Each structure stands twice: as C-alpha cells, then as structure tokens.
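See structure below.
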Amino acid sequence: EGACIQPLSDAVSRMASTGIDPGDTVAIVGQGLMGLHLLQICKAMGAGKVIAIAPRDETLALSQELGADFLINATNSDPVAAVLECTAGIGADIAIEAAGGNPKAGLAGTKTVFQAFDMVRDCGKVVQVGVLEAPVTLDIGRYMSRGITYIMKGVHTQKVTKYALDLAASSGVKQPIIVNGRIDQVNDAD
C-alpha cells in the first residue's frame with residue numbers, strides 16, 4: 001500500500017489541476033493502477049458519473065466495485081460511441097487518458113489520446129495521464145475551436161501529498177482492492 005502513495009499522489013495532482021466540479025461526468029480511458037486511483041478520486045471530489053473504460057471484463061468488475069457508474073469494454077465496443085451514448089450525445093465533461101504508452105508493455109499506444117478528445121464535450125477537459133513514448137499529432141485548430149482544455153501535468157505540493165496520504169489512511173481510496181498480491185521472498189536474479 002505504501003508503494004501506491006506515489007501514483008496516488010500523481011492522480012490527486014492531476015485531478016486537482018482539472019478544477020473538477022460537483023456533478024461532472026468523467027470518462028477514464030484505462031483502468032490500471034492510475035485509472036483505478038483516478039476513479040476513486042473523482043468520486044471523492046464530487047463527480048456525478050464516472051465512466052470506466054478498459055479492454056477486460058475482470059478489470060471493469062473491479063472498477064464497478066470501486067464506484068464506476070458506467071462500464072465500457074473497449075475490446076467489444078467503440079469507447080467514443082459508448083461514452084456519447086452514456087451522455088445523451090453530449091460527451092464527458094472530463095476525459096482522462098490513462099491507457100496510453102508502449103504497446104510492447106501492454107499499453108494502448110497513442111490511439112486512446114484521440115479517443116479522449118473525441119469523447120469529451122465542447123468546452124470540456126482532456127487530462128493526459130498515460131506516458132506516451134511516441135509522438136502524437138493533434139488537430140489543434142479543431143480542438144481549439146471546440147474550446148477543449150488539454151491538461152498534461154499536475155503540480156505536486158505538500159498539500160497534494162497530504163491529501164493522498166489522508167485518502168489512503170481513511171480508506172477514501174481502497175488500496176487493498178488494488179494491491180492484490182504480496183511478495184514474501186525475493187530471490188537473487190542470476
């Protein structure tokens with residue numbers, strides 16, 4: 001659980017940078033450690049609906065257990081179309097990209113960045129959490145004309161870290177559900 005404080009602090013700093021408003025609809029593309037943290041933080045910060053998007057049903061079951069309101073299996077459906085359906089065609093107030101990165105490491109590459117921009121409403125916010133290793137070419141004019149804010153970094157402060165620690169200590173974020181393995185012994189690698 002202690003090892004999760006750093007990524008939890010990252011998640012808190014990103015969400016603090018968004019200016020999330022009570023009742024906002026948040027779509028989270030990716031339900032790994034960061035996505036699951038973000039889901040719970042969004043709920044704690046007053047999100048009205050949280051839409052969890054992941055490629056596996058077992059991951060989505062955990063998302064539901066942690067409070068997701070809508071579940072979208074990205075393998076079986078188009079995440080953008082599904083988010084638009086969940087929001088009556090408007091789009092999410094905030095779309096969080098937390099799945100991007102090196103496909104060789106099991107991550108989604110860059111396609112989820114474009115999905116996040118396509119599932120957010122006009123004048124909404126896209127939050128970049130996934131660490132992208134490949135360049136991404138965005139249609140800045142299109143996103144600017146839609147009034148989309150792109151947030152790529154949170155600011156770590158002592159206050160953010162304290163909030164993350166308080167969330168973990170008060171079970172505001174359920175770490176034991178996320179941390180489901182234990183290493184009893186580490187062998188020397190040859």
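Considering every residue within the stretch 172-181, establish whether at least one is farther than 16 Å from residue 17 by Cα, of a type outside the set (A, V, I, L, M), over 16 Å from the mean Cα position of the chain (by Cα) and modelled with pLDDT of 85 or more. Checked against the condition, which is being farther than 16 Å from residue 17 by Cα, of a type outside the set (A, V, I, L, M), over 16 Å from the mean Cα position of the chain (by Cα) and modelled with pLDDT of 85 or more, the stretch 172-181 yields no hits at all. You will find that of 130, 124, the residue that is assigned to a loop (DSSP other than H, G, I, E, B), within 24 Å of residue 147 (Cα to Cα) and open to solvent by less than 20 Å² (accessible area, probe 1.4 Å) is 130 and no other. Counting the residues of the stretch 25-34 that are at pLDDT 95 or above and within 21 Å of residue 160 (Cα to Cα) gives 2.
Residues of the stretch 29-81 that are open to solvent by 20 Å² or more (accessible area, probe 1.4 Å) and among the aliphatic types (A, V, I, L, M): 33, 34, 44, 45, 61, 62, 71, 74, 80, 81. For first residues located in the stretch 132-150 and of a type in the set (A, V, I, L, M, F, W, C), partners that are in a loop (DSSP other than H, G, I, E, B) and surrounded by 10 or more Cβ atoms within 10 Å (Cβ to Cβ) and lie 6+ apart or on another chain with Cβ distances below 8 Å form the pairs 132/100; 132/110; 134/110; 136/110. Looking at the stretch 143-170 only, could you name the residues that are over 30 Å from residue 118 (Cβ atoms) and either modelled with pLDDT under 70 or β-branched (Val, Ile, Thr) (or both)? Scanning the stretch 143-170 gives 157, 161.
Looking across the stretch 100-121, the residues that are open to solvent by less than 20 Å² (accessible area, probe 1.4 Å), touching a residue at least 60 places away in the same chain (Cβ under 8 Å) and small (Gly, Ala, Ser) come down to 100, 116.
The values are calculated or read from the model by the stated rules, or taken from the named source; none is laboratory data. Keep in mind that what you see is a predicted model, and the values were worked out from it rather than measured. Glycine also receives a Cβ, built like all others from the backbone with ideal geometry; neighbour counts cover every protein chain displayed. When the accessible area is computed, the model is the full protein with side chains, heavy atoms only, and any ligands, DNA or RNA have been set aside. Shrake-Rupley method; radii C 1.70, N 1.55, O 1.52, S 1.80 Å.
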